[in-house]
Amino acid sequence: MRFEIVNPFIDAIVETFEKVNIDIYKDKVNLKTGKKIEKKISFLFKIKGDFKGSVIYEFDETLAIETIKRIYQIDEIPNDQELILSGIGEFGNLVNARLIEITFKRGLDYSISHPIFYKYKGRVISYSSPCVEVVFLTKYGEVWLSVVFDKVLSD
């Protein structure tokens, strides 16, 4: 497993949060086996190319709501799950656009799916694949980035 594969996914989420003026800091990195979605709000990308697997971003709900408020430039978000999912969808598209730009500029061979959104926890992504999990902190809550490795092509 090549850990440098994780860097574009870290850069994409950090730079996208910077766009909406939310400070984000890397807290810890864990290596584990398997991946189950632990947070209520998340989105996932399927990746093919030099790396084959899944990339999952999970959010604390308070962070998701603050992010949506900044994207839509409104002060209050009604308790409307469809609006929240739509807002996270917009954010996921921003991350996707940034990720495509980063991988293209670095000459990486990745085919990146559109974001797939989840508004519940407990979905199992993999029982046995290696997974690098990066935890980020903001003043509104945590973001978890999980990179699940189905396959890494050798150099």
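The values are calculated or read from the model by the stated rules, or taken from the named source; none is laboratory data. Small disclaimer: the values here were computed from a predicted structure and weren't measured. All Cβ positions, glycine included, derive from the backbone under ideal geometry; neighbour counts span all protein chains shown.
Have a look at 94, 137, 99 and point out the one that is assigned to a strand (DSSP E or B) and touching a residue at least 40 places away in the same chain (Cβ under 8 Å). The conditions single out 137. Scanning the stretch 36-73 for residues that are closer than 16 Å to residue 145 by Cβ, in a loop (DSSP other than H, G, I, E, B) and at pLDDT 90 or above yields one hit, 60. Between 37, 24, 41, 56, the distinction of being β-branched (Val, Ile, Thr), in contact with an Asp or Glu (Cβ under 7 Å, 6 or more places away or on another chain) and more than 22 Å from residue 79 (Cα to Cα) belongs to 37 only. Hey, does the stretch 102-115 have a residue that's closer than 17 Å to residue 17 by Cα and touching a helix residue (DSSP H, G or I) at 6+ places or on another chain (Cβ under 6 Å)? Yes: one or more hits. Scanning the stretch 102-119 for any residue that is under 16 Å from the mean Cα position of the chain (by Cα) and part of a helix (DSSP H, G or I) turns up at least one such residue. Using the structure shown, decide if residue 50 is surrounded by fewer than 16 Cβ atoms within 10 Å (Cβ to Cβ), among the charged types (D, E, K, R) and out of contact with any Lys or Arg (no Cβ under 6 Å at 6 or more places or on another chain). No.
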